[in-house]
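This report refers to the structure that appears directly beneath it.
The values are calculated or read from the model by the stated rules, or taken from the named source; none is laboratory data. Since the structure is predicted, the reported quantities are computational estimates derived from the model, not experimental observations. Cβ atoms come from the backbone with ideal geometry, glycine included; neighbour counts cover every protein chain shown.
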Amino acid sequence: MTDPTIGRLRVNGVTLHYEVRGQGPLLLLIPGGTGGASSFDGIADDLAAEYTVATYDPRGVSRSTLDDPDAEQQVAEHADDAFRMLELLSPGEPARVFGASSGAIVALHLLTAHPERLACVVAHEPPVVEVLPDAAEHRALIARVQDTLRARGLMPAMTEFAAGLKKDGDTTEPKAGLTLPPQAAARAERTMANLPYFLGRIVPNFMAYTPDTHRLEALSDQLVLVGGRDSRGELPYRSAAFLAEHLGTELQHFPGGHTGLTTHPAEFGELLRKALRATSRIRLDAANSAEDGQRK
């Protein structure tokens, strides 16, 4: 693995830790859940052969310590952090963005706020449950999780949350025979340290976020929505699939489930590269057609 260049970016209320590898057009990777920059270690080097790959610890996660630990977390502010990263690392040039889970929610908001700065956004299973017809049930789930967190503590709340994400009749146990890559296993301690912040601060606000579907529909040629092959029926997959149907776009499928980035890094990275190339090519063809039409 290539050692990245480490940087620090001061934004409102926090100094963000970020890492950069490679050269070429900027590809910003936005982690989800308790993952920081290191959650992309399995794919960043391969992508860096074609892109300047940047990732970071989102505010409040790992090395991006908040000035105020009790500060409320909002999708719009996290998206502004990503925008500041684009402005720093790709000034004036459209960038590619990939977001996973809660990071995919950030990527969706970034697209609606600054479409001119983005060549392509790939969003993997954003849990935008407010788009679902049974959204009220999921609001109740989040309320139960928060009540459990306050009354019984972290691990009972996590059990409640994990059960709510699964499809009906499924278990919350890992699939038999699944072994995480060594790098992923080594991140377990940091993941556990980030869990209270994620469950108490990120989950309730991010899963209450309602995307601007009308705006996304107008920007759908810049957006690729992705689901995991093994996560059909689970809540984040359902959200991504319903949003794709609403926007009239095809839901692409990447290997593994919600954490396929970690469990199947090689294939996941290759399919991400193909999605970025295809979307950029479509955008370029559309721009060329528009130019030809103006000349005639």
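Is region 128-146 home to any residue that is within 13 Å of the chain's Cα centre (by Cα) and crowded, with 16+ Cβ neighbours inside 10 Å? Walk me through it before giving the result.
First, pick out the residues of region 128-146 that are within 13 Å of the chain's Cα centre (by Cα): 128.
Pick out the ones that are also crowded, with 16+ Cβ neighbours inside 10 Å and you get 128.
There is at least one residue in region 128-146 that is within 13 Å of the chain's Cα centre (by Cα) and crowded, with 16+ Cβ neighbours inside 10 Å.
Exactly one of (1) surrounded by 16 or more Cβ atoms within 10 Å (Cβ to Cβ); (2) closer than 23 Å to Gly24 by Cα; (3) not aliphatic (A, V, I, L, M) is unmet by Glu116. Its number?
(1)
Name every residue in region 8-28 that is within 16 Å of Arg63 (Cβ to Cβ) and in contact (Cβ under 8 Å) with a residue 24 or more places away in the chain, in order of residue number. Steps first, answer last, please.
First, pick out the residues of region 8-28 that are within 16 Å of Arg63 (Cβ to Cβ): 8-11, 13-20.
Within region 8-28, Leu9, Val11, Gly13, Val14, Thr15, Leu16, His17, Tyr18, Glu19, Val20 qualify.
Just checking, does region 92-113 include any residue being out of contact with any Cys (no Cβ under 9 Å at 6 or more places or on another chain) and at pLDDT below 95?
Yes, the conditions are met somewhere in region 92-113.
If Asn194 meets every condition in (1) at pLDDT below 95; (2) in contact with a Cys (Cβ under 8 Å, 6 or more places away or on another chain) apart from one, which number is that one?
Only one criterion is unmet by Asn194, namely (2).
Considering each of Thr34, Thr55, Thr15 in turn, give the residue that is among the polar types (S, T, N, Q) and more than 22 Å from Gly227 (Cα to Cα).
Numbers: Thr34 fails: more than 22 Å from Gly227 (Cα to Cα); Thr55 fails: more than 22 Å from Gly227 (Cα to Cα).
After applying the criteria, what remains is Thr15.
Which residue is nearest to Leu16 (Cα to Cα), if the candidates are limited to region 61-81 and must be among the small types (Gly, Ala, Ser) and not in a loop (DSSP other than H, G, I, E, B)? Walk me through how you get there before you give the answer.
Step one: filter region 61-81 for residues among the small types (Gly, Ala, Ser), giving 62, 64, 71, 76, 79.
With the extra rule that they be not in a loop (DSSP other than H, G, I, E, B), the set shrinks to 76, 79.
On the way: Ala76: 16, Ala79: 13 Å.
Ranking the qualifying residues of region 61-81, first place goes to Ala79.
If you take the residues of region 147-191 that are outside any helix (DSSP H, G or I) and either at positive phi or touching a His at 6+ places or on another chain (Cβ under 8 Å) (or both), which of them is modelled with the highest pLDDT?
Filtering region 147-191 for residues that are outside any helix (DSSP H, G or I) and either at positive phi or touching a His at 6+ places or on another chain (Cβ under 8 Å) (or both), the one modelled with the highest pLDDT comes out as Gly153.
Considering every residue within region 57-72, establish whether at least one is in contact with a Phe, Trp or Tyr (Cβ under 6 Å, 6 or more places away or on another chain) and not β-branched (Val, Ile, Thr).
yes
Would you mind listing the strands (runs of 3 or more DSSP E) fully within region 1-44 where at least 2 residues are surrounded by 21 or more Cβ atoms within 10 Å (Cβ to Cβ) and in contact with a strand residue (DSSP E or B) (Cβ under 8 Å, 6 or more places away or on another chain)?
Values: elements: 5-11, 14-22, 26-30.
Ranges flagged: 14-22, 26-30.
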